[in-house]
Amino acid sequence: MIMTSRLRKFALAAHITLAVGWIGAVAGYIALDVAAATSQDAQTLRAAYLAMEVIAWYVIVPLALASLLSGLVMSVGTKWGLFRHYWVLISLLLTIIATVVLVVETQTISHFADIAADPTTSGDDLGALGSTLVHSAGGTVVLLVILVLNVYKPRGMTRYGWRKQQEERRNKEFG
């Protein structure tokens, strides 16, 4: 089912907003992650870990899930289709992987935040926690790859896409 032009534009605007919001939220998270990775100040570490948990659970995870859902709606409701083009499949796969890794990583983030929330945790213990910076940077790279794929839409149809295209051409010729 192809969406009407008005609905497609609304869905596209929503999808872009959610996807770019996800990237922006990760940028804010990375700022806190850098602070956690580089600071030795107990108050800074405590605040960073607690804020990282809030941003992860209440901003990044919802935006990731909403972006995944809106991307599915866009692929199913537009000419691009879900299984017709490799760039759509790769974007979907990368988005699923990024979302799963994010949800798994939130367990670590919550663990760090629980330790930071304990007033008896010393500054040395907080400094020894480490950071999630490698995951944050890696996730950002994946999100940027998805963004580039969706903007440039490289050529390449799947076998299913070629078959569908041939069917549509035959239907136009004989329909």
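Which angle between 0 and 90 degrees, to the nearest 10, do you get for helix 133-152 versus the longest principal axis of the chain when only C-alpha atoms count?
20 degrees
Given H placed on each backbone N at 1.01 Å, which residues far from His85 in sequence or on other chains put an amide H within less than 5 Å of it?
The list, which skips near neighbours in sequence, is Thr158.
What does the charge add up to near Asp125, with Lys and Arg as +1, Asp and Glu as -1, over the other residues with Cβ less than 13 Å from its Cβ?
Details: positive: Arg46; negative: Asp114, Asp118, Asp124.
That works out to -2.
Taking 0.36 nm per residue of separation and subtracting the Cα-Cα distance, what length does fully extending Val76 through Ile90 add? Let's see the in-between values first.
Numbers: separation 14, 0.36 × 14 = 5.04 nm, distance 1.50 nm.
Separation in residues times 0.36 nm, less the Cα-Cα distance, equals 3.5 nm.
Which ³J(HN,Hα) values in Hz, rounded to whole numbers, follow from the phi angles of the range 18-35 under the Karplus curve 6.51 cos²θ - 1.76 cosθ + 1.60, where θ = phi - 60° and Gly and Pro get x?
5, 5, 5, x, 4, 4, x, 5, 5, 4, x, 4, 4, 4, 5, 5, 5, 4
Work through the residues other than Glu105 whose Cβ is under 14 Å from its Cβ and net out their charges, Lys, Arg +1 and Asp, Glu -1. Numbers along the way, then the final one.
Working: positive: none; negative: Asp33, Glu53.
Net charge in that neighbourhood comes out at -2.
Modelled label-to-label distance, Ser122 and Ile2, 7 Å Cα→beta-carbon offset: nm?
6.8 nm
Nearest 0.05, what FRET efficiency do Leu69 and Gln40 give at R0 = 25 Å with Cβ-Cβ as r? Show your work: numbers first, answer last.
Values: r = 41 Å, r/R0 = 1.65.
That pair, Leu69 with Gln40, gives E of 0.05.
Could you give the angle, 0 to 90 degrees to the nearest 10, between helix 86-117's Cα long axis and the longest principal axis of the Cα atoms of the chain?
That works out to roughly 20 degrees.
Angle, helix 159-174 long axis vs. longest principal axis of the chain, Cα atoms, 0 to 90°, nearest 10?
Helix 159-174 sits at roughly 30 degrees to that axis.
At 7 Å along Cα-to-Cβ for each site, give me the label-to-label distance between Val134 and Ala27 in nm.
It works out to 2.6 nm between the two label points.
What is the set of long-range amide H partners of Lys153 at a cut-off below 5 Å, with H atoms built 1.01 Å from backbone N?
Amide H neighbours of Lys153, under 5 Å, 5+ apart: none.
Every number here is computed from the coordinates shown, using simple stated rules; none is lab data. Small disclaimer: the values here were computed from a predicted structure and weren't measured. Note that each Cβ is placed from the backbone with ideal geometry, even for glycine, and that neighbours are counted across all protein chains shown.
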